[in-house]
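The values are calculated or read from the model by the stated rules, or taken from the named source; none is laboratory data. These figures come from a predicted structure and were not determined experimentally. Backbone-built Cβ (ideal geometry, glycine too); neighbour counts: all protein chains shown. The area values use the complete protein model at the heavy-atom level, side chains included, leaving out ligands, DNA and RNA. Shrake-Rupley method; radii C 1.70, N 1.55, O 1.52, S 1.80 Å.
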Amino acid sequence: MINACDPNMGFKPPSASKVEMTEMVLPNDANGLGNLLGGRLMHWIDIAGAIVASRHSGHTVVTVAVDSLDFKEPIKVGELVILRGKITWSGRTSMEVAVDVYGENLTTSQRRLTNEAYLTFVALDDNGHPTPVPCVSPETPDEHKAFQDAIIRREQRLKRRSRE
């Protein structure tokens, strides 16, 4: 059963908490091949996702799951990394955030989708305990689809957790 959001906390559209971050890949961010380190990218994805979840909830948040992180192609030293985060779903205290990552070549202005990630965060009160969050209210057809897909990912995550 899906942990439904608490309507008493109100409703917020995904557009109210979306985030766009930009970083430049420097040599200390790269591996021996001159590609952005996966761990560095995961760090930036986690930050972007946490900002989205904090904006949506109005609270400090903690990462509780990374459902997927797909690496489609590398981002090279000297290129920009654009991270776009958007909330897809919320339960009573948890939220799913999607972060899309783009690499941009500054010389050619070519931008390409290089990574996609889904993370789950839980909002915490001042005592460090889970606290209710507003419901996500999708507005566009893409947001409605993302909301439904998030429910499926949550069900799959809960099934995996029950088998452990």
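What the table shows:
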{"quantity": "Accessible area (Å², 1.4 Å probe, nearest 10) - Lys86", "calculated": "80 Å²"}
{"quantity": "Principal-axis tilt of helix 141-163 within the chain, Cα atoms, nearest 10 degrees", "calculated": "80 degrees"}
{"quantity": "The chain - percent of accessible surface contributed by carbon and sulfur, probe 1.4 Å", "calculated": "52 percent"}
{"quantity": "About the Cα centre, charge dipole magnitude for the chain (Lys/Arg +1, Asp/Glu -1 at Cβ), debye", "calculated": "320 debye"}
{"quantity": "Centroid-to-centroid separation of the range 29-44 and the range 77-143 [C-alpha atoms, Å]", "calculated": "19 Å"}
{"quantity": "Estimated vicinal HN-Hα couplings, Hz - the range 120-136 in sequence order (Karplus 6.51, -1.76, 1.60; Gly, Pro = x)", "calculated": "10, 10, 10, 7, 10, 7, 5, 9, x, 9, x, 9, x, 10, x, 6, 7"}
{"quantity": "Calculated FRET efficiency for the pair Asn105/His144, C-beta based, R₀ 41 Å, to 0.05", "calculated": "0.75"}
{"quantity": "Protection proxy ranking, peptides 91-102, 147-158, average beta carbon neighbours within 10 Å, highest first", "calculated": "91-102, 147-158"}
{"quantity": "Those residues of the range 51-90 whose amide nitrogen sits under 11 Å from the label point placed on Gln156, 7 Å along Cα→Cβ", "calculated": "67-69"}
{"quantity": "For the range 13-164, alpha-carbon Rg and Dmax in angstrom", "calculated": "16.1, 49"}
{"quantity": "Expected 222 nm ellipticity per residue - DSSP helices of 4 or more, -39500 (n - 2.57), all of the chain, to 500", "calculated": "-9000 deg cm²/dmol"}
{"quantity": "Charge dipole magnitude, Cβ of K and R +1, D and E -1 - the range 76-138, Cα centre, debye nearest 20", "calculated": "220 debye"}
{"quantity": "Per-peptide average of other Cβ atoms within 10 Å, ordering 118-128, 62-72 highest first", "calculated": "118-128, 62-72"}
{"quantity": "Under the Karplus curve 6.51 cos²θ - 1.76 cosθ + 1.60, θ = phi - 60°, whole-Hz ³J(HN,Hα) for the range 40-55, x wherever Gly or Pro sits", "calculated": "5, 5, 4, 4, 5, 4, 4, 5, 4, x, 5, 5, 4, 5, 5, 4"}
{"quantity": "Solvent-accessible area per residue for the chain (1.4 angstrom probe, square angstrom)", "calculated": "53 Å²"}
